[in-house]
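Here the structure comes first, spelled out in structure tokens, and everything after it is commentary.
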Amino acid sequence: MPDNDLYFETLRLVLRRWSEADAPSLYRYASDPAVGPVAGWPPHTSVENSREIIRSVLSAPETYAVVLKATGEPVGSVGIMFGDGVHSAAMEAADAEIGYWIGRPYWGQGLIPEAVRFLLHRCFETLGIRRVWCGYYDDNMKSRRVMEKCGFTYHHTETGKVSPLGDVRTEHFMLITSDEWNRRIE
């Protein structure tokens, strides 16, 4: 299984494990009501709530703080989730799902596509993943745009899905295969 103490660098980012010391920064960005609800999770309510999320959710294997090299501050999160029945796409063996978010001040700067491309490289070149899924809810066009920039293509739509917030939504799924990835990087 993946190493839990991984540290990676891209052009502008460091991707590293979350630490409880990151709770104030996490709260700064994850408390914004424009960030979590569109992805199906509630805004963080306090630094302690963010610390608990680091312990319970963001401590999962292959989940990384998106840290700006220029400042050293974590401003978002990316992660690879495996087909263990917990996540939304109908995953098979050798499939994974990538999830991500970034704080509103950093929207539109290409930081999440940079991080997602790195995770795709990791999935296909290191972890032996065959297909990678991403999903987005109807109103999350920013997330869809990240997927398109990273080479994902539309696969299917599921209606009547209850989100983690308890409301009913339509979710669209996009997919990229290892063959598609290899054609993109040739």
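The values are calculated or read from the model by the stated rules, or taken from the named source; none is laboratory data. Predicted, not measured: the structure shown is a model, and the values here were computed from it. Positions of Cβ are generated from backbone atoms using ideal geometry, with glycine treated the same way; all protein chains shown enter the neighbour counts.
Total residues in the range 120-161 satisfying the condition of being surrounded by 13 or more Cβ atoms within 10 Å (Cβ to Cβ), closer than 20 Å to residue 76 by Cα, out of contact with any Cys (no Cβ under 9 Å at 6 or more places or on another chain) and aliphatic (A, V, I, L, M): the figure is 0.
In this structure, is residue 139 of a type outside the set (A, V, I, L, M, F, W, C), touching a strand residue (DSSP E or B) at 6+ places or on another chain (Cβ under 9 Å) and not in a strand (DSSP E or B)?
On the way: of a type outside the set (A, V, I, L, M, F, W, C): yes; touching a strand residue (DSSP E or B) at 6+ places or on another chain (Cβ under 9 Å): yes; not in a strand (DSSP E or B): yes.
Yes, satisfied.
Scanning the range 159-186 for residues that are within 15 Å of residue 116 (Cα to Cα), β-branched (Val, Ile, Thr) and under 21 Å from the mean Cα position of the chain (by Cα) returns 176, 177.
Scanning the range 163-186 for residues that are part of a strand (DSSP E or B) and either polar (S, T, N, Q) or within 23 Å of residue 92 (Cβ to Cβ) (or both) yields 170, 171, 172, 173, 174, 175, 176, 177. Quick check on this structure: which one of 117, 104 is charged (D, E, K, R), within 23 Å of residue 182 (Cβ to Cβ) and either crowded, with 20+ Cβ neighbours inside 10 Å or touching a residue at least 24 places away in the same chain (Cβ under 8 Å) (or both)? Going through 117, 104 in turn, the sole match is 117. Of 137, 100, all but one fail to be over 13 Å from the mean Cα position of the chain (by Cα) and either modelled with pLDDT under 95 or of a type in the set (Phe, Trp, Tyr) (or both); the exception is 137. Residues in the range 18-36 that are at pLDDT 95 or above, surrounded by fewer than 19 Cβ atoms within 10 Å (Cβ to Cβ) and under 30 Å from residue 129 (Cβ atoms): 19, 20. Checking the stated criteria, residue 91 turns out not to satisfy the condition of being under 30 Å from residue 153 (Cβ atoms) and not in a loop (DSSP other than H, G, I, E, B). For the range 43-57, the condition holds for no residue, the condition being that it is in contact (Cβ under 8 Å) with a residue 40 or more places away in the chain and under 29 Å from residue 160 (Cα atoms). Where residues in the range 133-158 are of a type in the set (Gly, Ala, Ser) and touching a residue at least 40 places away in the same chain (Cβ under 8 Å), which of them is farthest from residue 114 (Cα to Cα)? Here the answer is 135. In the range 52-75, of all residues being polar (S, T, N, Q) and assigned to a loop (DSSP other than H, G, I, E, B), the one that is surrounded by the most Cβ atoms within 10 Å (Cβ to Cβ) corresponds to 59.
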